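Below is one structure; the comments refer to it alone.
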Amino acid sequence: MAIKIEKVILRQISMPLVHFFETSFGRTTARHMVLVEAVGDGISGWGEVTAGENPFYNEEWTESAWLILKHYAAPRVLGQTIASACEVAPLFSHIRGHQMAWGALETASWDLEARMAGKPLWRHLGGTRTEIASGVSIGIQESVPALIKKIETELAAGYQRIKIKIKPGKDIETVREVRRAFPNIKLSVDANSAYTLADVEHLKKLDEFYLMMIEQPLAHDDIIDHATLQAQLQTPICLDECIRSAHHAEQAIRMRACKIINIKLGRVGGFRGARQVHDVAQQAGVPVWCGGMLESGIGRAHNIALSTLPNFILPGDVSASKRYWARDVIVPPVEVSASGTIAVREEPGFGYAIDHDFLRRITVREETIER
Ligand code: OSB
Ligand code: MG
(Lines give C-alpha, C1' and ligand atoms only; values in the text may rest on other atoms or scores of the structure.)
(Ligands and ions follow the chains in the order given, each with its own letter.)
Protein backbone atom coordinates (compact mmCIF):
# COMPACT_ATOMS: atom_id res chain seq x y z
CA MET A 1 0.00 0.00 0.00
CA ALA A 2 1.45 3.38 -0.99
CA ILE A 3 2.41 5.59 1.94
CA LYS A 4 3.25 9.28 2.07
CA ILE A 5 4.83 10.60 5.26
CA GLU A 6 4.04 14.30 5.74
CA LYS A 7 5.89 14.83 8.97
CA VAL A 8 8.18 13.04 11.33
CA ILE A 9 8.06 13.86 15.03
CA LEU A 10 11.13 12.97 17.06
CA ARG A 11 10.82 12.68 20.82
CA GLN A 12 13.50 11.84 23.31
CA ILE A 13 12.10 10.21 26.43
CA SER A 14 13.69 9.38 29.73
CA MET A 15 12.61 6.35 31.77
CA PRO A 16 14.29 4.97 34.90
CA LEU A 17 14.65 1.18 34.94
CA VAL A 18 12.98 -0.68 37.84
CA HIS A 19 16.36 -2.40 38.38
CA PHE A 20 19.71 -1.56 36.82
CA PHE A 21 20.83 -3.84 33.99
CA GLU A 22 24.50 -4.83 33.80
CA THR A 23 26.36 -6.41 30.89
CA SER A 24 30.06 -6.98 30.23
CA PHE A 25 30.21 -3.46 28.76
CA GLY A 26 28.56 -1.58 31.60
CA ARG A 27 25.56 -0.82 33.79
CA THR A 28 22.35 0.95 32.69
CA THR A 29 20.11 2.55 35.31
CA ALA A 30 17.82 4.67 33.12
CA ARG A 31 16.98 4.64 29.43
CA HIS A 32 17.03 7.69 27.18
CA MET A 33 15.45 6.66 23.93
CA VAL A 34 14.29 8.38 20.77
CA LEU A 35 10.77 7.67 19.55
CA VAL A 36 9.74 8.30 15.96
CA GLU A 37 6.19 9.23 15.00
CA ALA A 38 5.62 9.12 11.25
CA VAL A 39 2.44 10.92 10.21
CA GLY A 40 0.66 10.36 6.90
CA ASP A 41 -2.99 10.74 5.94
CA GLY A 42 -3.78 11.80 9.50
CA ILE A 43 -2.56 8.46 10.84
CA SER A 44 0.52 7.98 13.02
CA GLY A 45 2.96 5.10 12.88
CA TRP A 46 5.43 4.67 15.73
CA GLY A 47 8.98 3.43 16.00
CA GLU A 48 11.65 3.28 18.69
CA VAL A 49 15.40 3.72 18.38
CA THR A 50 16.96 0.79 20.22
CA ALA A 51 20.43 2.33 20.61
CA GLY A 52 21.86 2.58 24.11
CA GLU A 53 22.83 5.68 26.06
CA ASN A 54 26.47 5.14 25.15
CA PRO A 55 28.18 3.71 22.07
CA PHE A 56 29.20 0.53 23.93
CA TYR A 57 26.95 -2.22 22.49
CA ASN A 58 27.61 -0.88 19.00
CA GLU A 59 28.66 2.53 17.68
CA GLU A 60 25.22 4.13 18.06
CA TRP A 61 23.72 6.05 20.95
CA THR A 62 20.79 8.35 21.71
CA GLU A 63 22.47 11.52 20.45
CA SER A 64 23.84 10.07 17.23
CA ALA A 65 20.43 8.58 16.45
CA TRP A 66 18.70 11.93 16.81
CA LEU A 67 21.12 13.58 14.38
CA ILE A 68 20.94 10.79 11.80
CA LEU A 69 17.15 10.84 11.87
CA LYS A 70 16.93 14.60 11.67
CA HIS A 71 19.57 15.27 9.02
CA TYR A 72 19.61 12.13 6.89
CA ALA A 73 16.73 9.68 7.40
CA ALA A 74 13.64 11.88 7.78
CA PRO A 75 14.51 14.16 4.82
CA ARG A 76 14.72 11.10 2.56
CA VAL A 77 11.13 9.99 3.20
CA LEU A 78 9.26 13.27 3.73
CA GLY A 79 6.74 14.09 1.02
CA GLN A 80 7.62 11.08 -1.13
CA THR A 81 5.06 8.61 -2.32
CA ILE A 82 6.55 5.29 -1.30
CA ALA A 83 5.09 2.16 -2.91
CA SER A 84 5.14 0.18 0.35
CA ALA A 85 6.86 0.04 3.74
CA CYS A 86 9.19 -2.54 2.23
CA GLU A 87 10.63 0.25 0.05
CA VAL A 88 11.60 2.47 2.99
CA ALA A 89 14.85 0.76 4.07
CA PRO A 90 16.45 1.07 0.59
CA LEU A 91 15.97 4.86 0.83
CA PHE A 92 18.61 4.81 3.58
CA SER A 93 21.16 2.67 1.77
CA HIS A 94 23.43 5.70 1.29
CA ILE A 95 23.87 5.98 5.08
CA ARG A 96 26.79 3.93 6.35
CA GLY A 97 25.81 2.13 9.56
CA HIS A 98 23.36 3.75 12.00
CA GLN A 99 20.78 1.00 11.46
CA MET A 100 19.17 1.63 14.85
CA ALA A 101 18.54 5.29 14.00
CA TRP A 102 17.02 4.88 10.55
CA GLY A 103 15.55 1.52 11.54
CA ALA A 104 13.18 3.34 13.91
CA LEU A 105 11.73 5.31 10.99
CA GLU A 106 11.54 2.08 9.03
CA THR A 107 9.55 0.32 11.75
CA ALA A 108 7.31 3.40 12.13
CA SER A 109 6.56 3.16 8.39
CA TRP A 110 5.47 -0.46 8.74
CA ASP A 111 3.26 0.42 11.68
CA LEU A 112 1.78 3.29 9.67
CA GLU A 113 1.11 1.05 6.67
CA ALA A 114 -0.51 -1.64 8.83
CA ARG A 115 -2.75 0.98 10.48
CA MET A 116 -3.72 2.42 7.09
CA ALA A 117 -4.71 -1.11 6.03
CA GLY A 118 -6.56 -1.63 9.34
CA LYS A 119 -4.47 -4.73 10.00
CA PRO A 120 -2.40 -5.89 12.95
CA LEU A 121 1.27 -5.40 12.21
CA TRP A 122 2.15 -9.04 12.85
CA ARG A 123 -0.28 -10.22 10.16
CA HIS A 124 0.91 -7.49 7.82
CA LEU A 125 4.47 -8.84 8.23
CA GLY A 126 3.37 -12.38 7.42
CA GLY A 127 3.49 -13.72 10.98
CA THR A 128 2.00 -17.12 11.68
CA ARG A 129 1.91 -17.42 15.50
CA THR A 130 -0.78 -16.10 17.79
CA GLU A 131 1.45 -16.29 20.83
CA ILE A 132 5.20 -16.10 21.26
CA ALA A 133 7.53 -17.89 23.69
CA SER A 134 9.12 -15.60 26.23
CA GLY A 135 12.47 -15.86 27.99
CA VAL A 136 14.41 -13.43 30.15
CA SER A 137 17.84 -11.86 29.99
CA ILE A 138 19.30 -11.44 33.47
CA GLY A 139 22.09 -8.92 33.94
CA ILE A 140 25.25 -9.47 35.96
CA GLN A 141 24.34 -9.60 39.66
CA GLU A 142 26.28 -8.68 42.80
CA SER A 143 26.59 -12.32 43.86
CA VAL A 144 25.74 -15.83 42.75
CA PRO A 145 23.06 -16.26 45.49
CA ALA A 146 21.43 -13.03 44.25
CA LEU A 147 21.48 -14.40 40.70
CA ILE A 148 19.95 -17.70 41.79
CA LYS A 149 17.21 -15.88 43.64
CA LYS A 150 16.45 -13.80 40.55
CA ILE A 151 16.27 -16.92 38.37
CA GLU A 152 13.85 -18.50 40.85
CA THR A 153 11.58 -15.46 40.58
CA GLU A 154 11.60 -15.51 36.76
CA LEU A 155 10.93 -19.24 36.58
CA ALA A 156 8.04 -18.84 39.03
CA ALA A 157 6.65 -16.14 36.72
CA GLY A 158 6.59 -18.75 33.93
CA TYR A 159 9.49 -17.68 31.69
CA GLN A 160 10.57 -20.50 29.38
CA ARG A 161 14.29 -19.80 29.11
CA ILE A 162 16.86 -18.07 31.28
CA LYS A 163 19.78 -16.19 29.77
CA ILE A 164 22.49 -14.83 32.05
CA LYS A 165 25.14 -12.28 31.25
CA ILE A 166 28.73 -13.39 31.75
CA LYS A 167 32.15 -11.74 31.65
CA PRO A 168 35.68 -12.82 32.63
CA GLY A 169 35.69 -13.55 36.36
CA LYS A 170 31.93 -14.07 36.43
CA ASP A 171 31.55 -17.00 34.09
CA ILE A 172 32.50 -20.67 34.63
CA GLU A 173 31.93 -20.87 38.37
CA THR A 174 28.77 -18.78 38.13
CA VAL A 175 27.33 -21.07 35.46
CA ARG A 176 28.39 -24.14 37.45
CA GLU A 177 26.43 -22.97 40.48
CA VAL A 178 23.41 -21.95 38.44
CA ARG A 179 23.41 -25.35 36.74
CA ARG A 180 23.69 -27.11 40.09
CA ALA A 181 20.67 -25.16 41.37
CA PHE A 182 18.64 -25.67 38.15
CA PRO A 183 19.74 -28.88 36.39
CA ASN A 184 16.83 -28.97 33.93
CA ILE A 185 16.07 -25.44 32.78
CA LYS A 186 16.71 -24.02 29.34
CA LEU A 187 19.81 -21.96 30.09
CA SER A 188 22.03 -19.78 27.92
CA VAL A 189 24.77 -17.18 28.42
CA ASP A 190 25.58 -13.87 26.71
CA ALA A 191 29.11 -12.44 26.82
CA ASN A 192 28.58 -9.29 24.72
CA SER A 193 32.03 -9.61 23.13
CA ALA A 194 33.99 -9.94 26.40
CA TYR A 195 36.43 -12.64 25.17
CA THR A 196 39.05 -13.27 22.49
CA LEU A 197 40.48 -16.38 20.84
CA ALA A 198 43.11 -16.42 23.62
CA ASP A 199 40.23 -17.64 25.84
CA VAL A 200 39.33 -20.75 23.81
CA GLU A 201 40.45 -23.22 26.50
CA HIS A 202 38.59 -21.22 29.14
CA LEU A 203 35.37 -21.06 27.09
CA LYS A 204 35.53 -24.82 26.40
CA LYS A 205 34.83 -25.34 30.11
CA LEU A 206 31.29 -24.14 29.43
CA ASP A 207 30.62 -27.28 27.38
CA GLU A 208 29.97 -29.37 30.49
CA PHE A 209 26.86 -27.31 31.36
CA TYR A 210 24.81 -28.24 28.25
CA LEU A 211 23.83 -24.62 27.59
CA MET A 212 21.39 -23.88 24.76
CA MET A 213 23.96 -21.42 23.41
CA ILE A 214 26.69 -18.91 24.14
CA GLU A 215 25.80 -15.55 22.65
CA GLN A 216 28.41 -13.29 21.04
CA PRO A 217 31.53 -14.37 22.97
CA LEU A 218 34.03 -12.59 20.67
CA ALA A 219 34.42 -9.17 19.05
CA HIS A 220 31.31 -7.36 17.86
CA ASP A 221 32.53 -7.23 14.26
CA ASP A 222 34.41 -10.50 13.90
CA ILE A 223 32.61 -13.41 12.23
CA ILE A 224 35.86 -15.18 11.31
CA ASP A 225 37.09 -15.68 14.88
CA HIS A 226 33.66 -17.01 15.87
CA ALA A 227 34.03 -19.69 13.18
CA THR A 228 37.38 -20.67 14.67
CA LEU A 229 35.84 -20.84 18.14
CA GLN A 230 32.71 -22.74 17.06
CA ALA A 231 34.89 -25.49 15.55
CA GLN A 232 36.30 -26.11 19.04
CA LEU A 233 33.12 -25.71 21.11
CA GLN A 234 30.26 -28.14 21.58
CA THR A 235 28.00 -25.36 22.85
CA PRO A 236 26.23 -23.66 19.93
CA ILE A 237 27.34 -20.08 19.29
CA CYS A 238 24.56 -17.55 18.76
CA LEU A 239 25.58 -14.32 17.03
CA ASP A 240 24.03 -11.02 18.08
CA GLU A 241 26.27 -7.94 17.51
CA CYS A 242 27.95 -9.41 14.38
CA ILE A 243 24.78 -9.79 12.31
CA ARG A 244 23.78 -6.41 10.86
CA SER A 245 22.39 -7.65 7.56
CA ALA A 246 21.20 -10.74 5.70
CA HIS A 247 24.58 -10.79 3.99
CA HIS A 248 26.32 -11.12 7.35
CA ALA A 249 23.91 -13.91 8.30
CA GLU A 250 24.65 -15.72 5.05
CA GLN A 251 28.42 -15.37 5.59
CA ALA A 252 28.27 -16.45 9.24
CA ILE A 253 26.24 -19.54 8.36
CA ARG A 254 28.49 -20.42 5.43
CA MET A 255 31.57 -20.15 7.67
CA ARG A 256 29.86 -22.13 10.45
CA ALA A 257 30.49 -19.23 12.83
CA CYS A 258 27.17 -19.81 14.59
CA LYS A 259 24.32 -22.30 14.86
CA ILE A 260 21.70 -19.81 16.06
CA ILE A 261 21.00 -16.14 15.29
CA ASN A 262 19.57 -13.47 17.58
CA ILE A 263 17.61 -10.96 15.50
CA LYS A 264 17.23 -7.42 16.84
CA LEU A 265 15.12 -5.07 14.79
CA GLY A 266 17.30 -2.01 15.31
CA ARG A 267 20.57 -3.77 14.63
CA VAL A 268 19.40 -4.86 11.17
CA GLY A 269 17.63 -1.58 10.27
CA GLY A 270 14.02 -2.61 10.90
CA PHE A 271 11.52 -5.11 9.58
CA ARG A 272 12.82 -5.49 6.04
CA GLY A 273 16.31 -6.38 7.28
CA ALA A 274 14.90 -8.58 10.05
CA ARG A 275 12.76 -10.56 7.61
CA GLN A 276 15.73 -11.01 5.28
CA VAL A 277 17.91 -12.36 8.08
CA HIS A 278 15.02 -14.57 9.15
CA ASP A 279 14.64 -15.97 5.63
CA VAL A 280 18.36 -16.63 5.12
CA ALA A 281 18.50 -18.48 8.44
CA GLN A 282 15.31 -20.43 7.73
CA GLN A 283 16.61 -21.63 4.37
CA ALA A 284 19.79 -22.84 6.06
CA GLY A 285 17.92 -24.58 8.88
CA VAL A 286 19.31 -22.15 11.47
CA PRO A 287 16.81 -21.20 14.19
CA VAL A 288 16.43 -17.56 15.24
CA TRP A 289 14.99 -15.74 18.25
CA CYS A 290 14.17 -12.13 18.98
CA GLY A 291 16.61 -10.15 21.10
CA GLY A 292 15.83 -7.09 23.19
CA MET A 293 17.46 -3.73 23.95
CA LEU A 294 15.57 -2.76 27.13
CA GLU A 295 12.83 -1.25 24.96
CA SER A 296 9.83 0.76 26.01
CA GLY A 297 6.45 -0.72 25.10
CA ILE A 298 6.68 0.56 21.53
CA GLY A 299 9.85 -1.35 20.69
CA ARG A 300 8.58 -4.27 22.73
CA ALA A 301 5.35 -4.41 20.69
CA HIS A 302 7.37 -4.37 17.46
CA ASN A 303 9.47 -7.25 18.82
CA ILE A 304 6.33 -9.26 19.52
CA ALA A 305 5.08 -8.73 15.96
CA LEU A 306 8.46 -9.81 14.54
CA SER A 307 8.53 -12.93 16.74
CA THR A 308 5.41 -14.32 15.04
CA LEU A 309 7.40 -15.19 11.89
CA PRO A 310 7.79 -18.95 11.46
CA ASN A 311 11.54 -19.37 12.08
CA PHE A 312 11.39 -17.69 15.50
CA ILE A 313 11.61 -21.17 16.97
CA LEU A 314 13.45 -20.45 20.23
CA PRO A 315 12.13 -18.37 23.15
CA GLY A 316 13.27 -14.75 22.81
CA ASP A 317 14.30 -11.97 25.21
CA VAL A 318 10.95 -10.18 24.85
CA SER A 319 9.46 -10.09 28.33
CA ALA A 320 6.83 -8.23 30.38
CA SER A 321 6.90 -4.43 30.64
CA LYS A 322 6.89 -4.61 34.44
CA ARG A 323 10.33 -6.25 34.53
CA TYR A 324 11.67 -2.89 33.29
CA TRP A 325 9.14 -0.14 33.90
CA ALA A 326 7.01 1.05 36.80
CA ARG A 327 4.78 2.49 34.07
CA ASP A 328 5.10 1.79 30.35
CA VAL A 329 4.30 4.17 27.48
CA ILE A 330 1.71 1.74 26.10
CA VAL A 331 -1.63 0.51 27.44
CA PRO A 332 -2.08 -2.18 28.38
CA PRO A 333 1.53 -3.02 29.23
CA VAL A 334 3.06 -6.16 27.72
CA GLU A 335 2.06 -9.11 29.89
CA VAL A 336 3.35 -12.65 30.05
CA SER A 337 1.17 -15.66 30.86
CA ALA A 338 1.92 -18.20 33.60
CA SER A 339 3.22 -20.51 30.87
CA GLY A 340 5.70 -17.91 29.61
CA THR A 341 3.91 -16.74 26.49
CA ILE A 342 2.82 -13.37 25.12
CA ALA A 343 -0.44 -13.33 23.18
CA VAL A 344 -0.53 -11.22 20.01
CA ARG A 345 -3.23 -8.59 19.67
CA GLU A 346 -5.68 -8.02 16.84
CA GLU A 347 -5.79 -4.21 16.98
CA PRO A 348 -4.37 -2.43 13.90
CA GLY A 349 -0.67 -1.62 13.84
CA PHE A 350 1.51 -2.72 16.75
CA GLY A 351 -1.60 -3.47 18.74
CA TYR A 352 -1.29 -1.30 21.86
CA ALA A 353 -2.41 2.26 22.62
CA ILE A 354 0.07 5.05 23.39
CA ASP A 355 -0.29 6.60 26.85
CA HIS A 356 -0.06 10.18 25.58
CA ASP A 357 -0.31 11.85 29.00
CA PHE A 358 2.55 9.82 30.34
CA LEU A 359 4.53 10.27 27.14
CA ARG A 360 4.26 14.03 27.44
CA ARG A 361 5.59 13.90 30.99
CA ILE A 362 8.68 11.87 30.14
CA THR A 363 9.53 13.73 26.94
CA VAL A 364 12.71 15.78 27.37
CA ARG A 365 13.08 16.94 23.75
CA GLU A 366 10.72 17.09 20.80
CA GLU A 367 11.12 18.25 17.21
CA THR A 368 8.84 18.08 14.21
CA ILE A 369 10.52 17.62 10.88
CA GLU A 370 8.66 18.71 7.76
CA ARG A 371 9.74 19.42 4.27
O1 OSB B 1 23.12 -8.40 24.16
O2 OSB B 1 21.09 -8.98 24.20
C3 OSB B 1 21.96 -8.16 24.49
C4 OSB B 1 20.44 -5.36 26.59
C5 OSB B 1 21.19 -4.29 26.18
C6 OSB B 1 22.19 -4.49 25.26
C7 OSB B 1 22.44 -5.76 24.75
C8 OSB B 1 21.68 -6.85 25.16
C9 OSB B 1 20.69 -6.64 26.12
C10 OSB B 1 19.88 -7.71 26.67
C11 OSB B 1 18.54 -7.30 27.23
O12 OSB B 1 20.26 -8.85 26.80
C13 OSB B 1 17.40 -7.97 26.59
C14 OSB B 1 16.10 -7.32 27.02
O15 OSB B 1 15.70 -6.29 26.46
O16 OSB B 1 15.48 -7.87 27.92
MG1 MG C 1 23.25 -10.24 23.16
>> How far apart, in nanometres, would the label points at Gln234 and Lys205 be if each is projected 7 angstrom from Cα along the Cα-to-Cβ direction?
In response: 1.7 nm
> What's the angle, to the nearest 10 degrees (0 to 90), between helix 297-306's Cα axis and the longest principal axis of the chain?
Replying inline: 80 degrees
> Summing Lys, Arg as +1 and Asp, Glu as -1, what charge do residues with Cβ under 15 Å from the Cβ of His247 carry, His247 excluded?
Replying inline: +3
> When ranked by the protection proxy of mean other Cβ atoms within 10 Å per residue, highest first, what sequence do the peptides 99-106, 241-248 form?
Replying inline: 99-106, 241-248
> By the gyration tensor of its Cα atoms, with a ≥ b ≥ c the square roots of the eigenvalues, what is the shape of the stretch 79-148: rounded for a/c under 1.5, prolate for a/b over b/c, or oblate?
Replying inline: oblate
> Spin-label point model (7 Å from Cα, Cβ direction): what's the Asn54 to Thr29 distance in nm?
Replying inline: 1.3 nm
>> For Val318, what residues show an amide H to amide H distance below 5 Å, using hydrogens built from the backbone and excluding near sequence neighbours?
In response: Gly135
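Rounded, prolate or oblate: which one fits the stretch 17-144, using the alpha carbon gyration tensor with axes a ≥ b ≥ c (rounded when a/c is under 1.5, else prolate when a/b beats b/c, else oblate)? Show your work: numbers first, answer last.
Working: a/c = 2.47, a/b = 1.44, b/c = 1.71.
Oblate.
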> Probe 1.4 Å, all protein chains in place: accessible area of Thr153 in Å², nearest 10?
Replying inline: 90 Å²
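For the chain, give the share of DSSP beta bridges that are antiparallel, in percent and rounded to the nearest 5; count only bridges with both residues there. Could the numbers behind the result be given before it?
On the way: 34 of 54 bridges.
Expressed as a percentage, antiparallel bridges in the chain total about 65.
If you take every residue apart from Ser93 with its C-beta less than 12 Å away from the C-beta of Ser93, what net charge results, scoring Lys and Arg +1 and Asp and Glu -1?
Numbers: positive: Arg76, Arg96, Arg272; negative: Glu87, Glu106.
Around Ser93, the surrounding residues sum to +1.
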> Non-local amide H neighbours of Glu48 (under 5 Å, H modeled in plane, Pro and chain starts lacking H): which ones?
Replying inline: Val36
>> Can you give me the accessible area per residue for the stretch 2-67, using a 1.4 Å probe, in Å²?
In response: 37 Å²
> Along the charge dipole of the chain, Cβ charges K/R +1 and D/E -1, which of Gly292, Trp110, Ala157 sits furthest on the positive end?
Replying inline: Ala157
>> Of all beta bridges DSSP finds with both residues in the stretch 120-268, what is the antiparallel percent, to the nearest 5?
In response: 5 percent
> Amide H of Lys264: which non-local residues (sequence gap of 5 or more, or other chain) have their own amide H closer than 5 Å, using H built in the peptide plane?
Replying inline: Gly291
> Taking Cα atoms, how many degrees apart are the long axis of helix 271-284 and the longest axis of the chain, rounded to 10 and kept between 0 and 90?
Replying inline: 40 degrees
>> Can you give me the solvent accessible area of Met255 with a 1.4 Å probe, rounded to the nearest 10 Å²?
In response: 80 Å²
>> Could you sort the peptides 138-145, 275-282, 113-120, 46-53 by per-residue average Cβ neighbour count (10 Å cutoff), highest mean leading?
In response: 46-53, 275-282, 113-120, 138-145
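Filter the cross-link list Lys149/Lys264; Lys149/Lys259; Lys70/Lys264; Lys205/Lys264 down to pairs whose alpha-carbon distance in this structure exceeds 26 Å.
Cα-Cα > 26 Å for Lys149/Lys264; Lys149/Lys259; Lys205/Lys264; rest within.
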>> Quick check: the angle from helix 99-116's long axis to the longest principal axis of the chain, C-alpha only, nearest 10 degrees?
In response: 60 degrees
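When a/c is below 1.5 the answer is rounded, else prolate if a/b is larger than b/c, else oblate, so apply that to the chain with a ≥ b ≥ c taken from the square roots of the Cα gyration tensor eigenvalues. Display every interim value, and only then the final one.
On the way: a/c = 1.73, a/b = 1.50, b/c = 1.15.
Taking the square roots of the gyration eigenvalues as a ≥ b ≥ c, the chain is prolate.
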>> Can you compute 3J(HN,Hα) from phi for each residue in the stretch 319-328, using the Karplus curve 6.51 cos²θ - 1.76 cosθ + 1.60 with θ = phi - 60°, rounded to whole Hz and x for Gly and Pro?
In response: 10, 5, 3, 5, 5, 10, 10, 5, 9, 9
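The values are calculated or read from the model by the stated rules, or taken from the named source; none is laboratory data. Model, not experiment: these values are computed from the prediction. All Cβ positions, glycine included, derive from the backbone under ideal geometry; neighbour counts span all protein chains shown. For accessibility, only protein heavy atoms count, side chains too; no ligands or nucleic acids. Shrake-Rupley method; radii C 1.70, N 1.55, O 1.52, S 1.80 Å.
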